[in-house]
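Q: Please read through the structure below; I'll follow up with questions.
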Amino acid sequence: MRLPFDEETFDACCSHMLFCMALTTSELEFLSSEVRRVLKPGGLCVYTVRTTKDPNRGHN
């Protein structure tokens, strides 16, 4: 399901463990594309991970 916002609406997005959920690769790719779609050019996506040992920590 697409996010209910127009393209390039937001300066930033903050997600608490969104990308750490047990989702398929295609679901994660879709979520990421939706975040990119609604962010303005140069927008910032900030997300948290479970611990500093999380394999996603430090990835862009």
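The values are calculated or read from the model by the stated rules, or taken from the named source; none is laboratory data. What you are looking at is a predicted structure, and each value in this text was computed from that prediction instead of being measured. Cβ coordinates were reconstructed from backbone atoms using ideal geometry, including for glycine residues, and neighbour counts include every protein chain displayed.
Q: Restricting attention to segment 10-26, and to residues there that are surrounded by 13 or more Cβ atoms within 10 Å (Cβ to Cβ) and outside any strand (DSSP E or B), which single residue is modelled with the highest pLDDT?
A: Looking at the filtered set, the residue picked out is L23.
Q: In segment 41-50, is there at least one residue being β-branched (V, I, T), in contact with a helix residue (DSSP H, G or I) (Cβ under 7 Å, 6 or more places away or on another chain) and surrounded by 12 or more Cβ atoms within 10 Å (Cβ to Cβ)?
A: Checked segment 41-50: at least one residue is β-branched (V, I, T), in contact with a helix residue (DSSP H, G or I) (Cβ under 7 Å, 6 or more places away or on another chain) and surrounded by 12 or more Cβ atoms within 10 Å (Cβ to Cβ).
Q: Let me ask something else about it. Select from segment 12-57 the residues that are touching a residue at least 12 places away in the same chain (Cβ under 8 Å) and among the small types (G, A, S) and write down the one among them that is nearest to R2 (Cα to Cα).
A: S32
Q: How many residues are assigned to a loop (DSSP other than H, G, I, E, B) and among the polar types (S, T, N, Q) if we restrict to segment 27-56?
A: Within segment 27-56, residues that are assigned to a loop (DSSP other than H, G, I, E, B) and among the polar types (S, T, N, Q) number 3.
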